[in-house]
Structures are given as structure tokens and as C-alpha cells.
Amino acid sequence: MIKNPPRYIFEAAAIIRNIELDEMLRGLEYNLTGEYFPFDFKEFVRSVSDDAFVETPVRGI
């Protein structure tokens with residue numbers, strides 16, 4: 001820690017992140033309910049106004 005503080009912080013953060021993910025996954029539980037939620041992409045596109053679309057910037061090349 002004293003010789004390389006940035007490396008210590010990086011390693012400590014990685015350990016904390018891994019523990020956090022393990023805890024989140026351990027508490028995650030799925031139960032089948034029989035419910036069905038269909039998603040129709042074409043209907044979704046129709047419901048979005050033209051003002052909501054933004055041109056994709058040309059980058060690279």
C-alpha cells in the first residue's frame with residue numbers, strides 16, 4: 001500500500017466489486033409465475049415520435 005497507492009486502490013476496488021456482484025447474485029431469485037409479456041418491436045417503433053430519433057454521428061473512416 002505504501003509503495004504503490006494507485007495499485008492498492010485498484011486491487012481493493014476489484015475485490016469489493018467482486019464481493020458486491022457475488023452478494024447481488026446470491027440474493028437474486030427467479031420464480032415462474034406463468035405471466036407472459038409479449039414485445040412487438042414494430043409496434044414499439046410506431047409509438048416513438050420522429051422527434052425522439054437522433055442521427056447517428058459519422059465517426060472514423
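When the dipole is taken about the Cα centre of the chain, and only Lys, Arg (+1) and Asp, Glu (-1) are charged at their Cβ, what size is it in debye, to the nearest 20?
Details: 7 positive and 11 negative charges, 105 e Å.
It comes to approximately 500 debye.
Based on other C-beta atoms within 10 Å, arrange VAL48, VAL58 from fewest to most.
Lowest to highest Cβ neighbour count: VAL58, VAL48.
Suppose only helical runs count, i.e. DSSP H with n ≥ 4. What mean residue ellipticity at 222 nm does that imply for the chain under -39500 (n - 2.57) per run, divided by all residues and rounded to the nearest 500 deg cm²/dmol?
Numbers: 2 runs with 29 residues, N = 61.
For the chain, the value works out to -15500 deg cm²/dmol.
Given 20 °C and 1.002 mPa s, compute D for region 5-49 with the Stokes-Einstein relation, Rh being the Kirkwood radius over Cα pairs; round to the nearest whole µm²/s.
Working: Rh = 14.9 Å.
So the translational diffusion coefficient is about 143 µm²/s.
Given labels modelled 7 Å from the Cα in the Cβ direction, how far is it in nm from ASN31 to SER47?
Those two pseudo-labels are separated by 2.7 nm.
Work out from phi, with θ = phi - 60° and the Karplus expression 6.51 cos²θ - 1.76 cosθ + 1.60, the ³J(HN,Hα) of each residue of region 16-26, listed in order in whole Hz, and give x for Gly and Pro.
Rounded to whole hertz, the list is 4, 4, 5, 5, 4, 5, 4, 5, 5, 5, 5.
Quick note: the coordinates plus some simple rules give every number you see, no bench work behind them. As the structure is a computational prediction, the values presented were derived from the model and not from experiment. When we count neighbours, we look across all protein chains shown, and the Cβ atoms used for this are built from the backbone with ideal geometry, even at glycine.
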